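Here's the structure, in structure tokens; my notes come after.
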Amino acid sequence: MLRGINKQIVVVKDTGSPLFEEAIFIVRPSQETAAKSEAQMAEEAKNIVSDCIRRHYGAKAGRPRILRWLLSPSGLLALGVAAVALLVLIGLLV
């Protein structure tokens, strides 16, 4: 049994994510949060969600992973195999 639990939450229903329907934020009990209006807290929660979506699903989010993979040993091996295959293909066509 729980007693004396009183938490304030902010629910973001439109996350813009293909995976998540809602995001739930539990508000810290402090002087700073007490001074903010509901609209300000909701706006900050939406900004956090949109920032996370942009980082994980944005157009630029995948580029560093691809570059990191290409510079790894398996990526360099794949590039080498592709280069040899291209040279063989060009050699056969000429």
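Where a number appears in this text, it was derived from the coordinates with a stated rule and is not lab data. Remember, it's a predicted structure, so these values are computed and weren't measured experimentally. Please note: Cβ atoms are built from the backbone with ideal geometry, for glycine as well, and neighbour counts cover all protein chains shown.
List of remarks:
- When region 73-87 is filtered for residues that are surrounded by fewer than 10 Cβ atoms within 10 Å (Cβ to Cβ) and small (G, A, S), only S74 remains.
- Complete set of residues in region 1-55 that are free of Cβ contacts under 8 Å to residues at least 24 places away in the same chain, surrounded by 14 or more Cβ atoms within 10 Å (Cβ to Cβ) and part of a strand (DSSP E or B): F25
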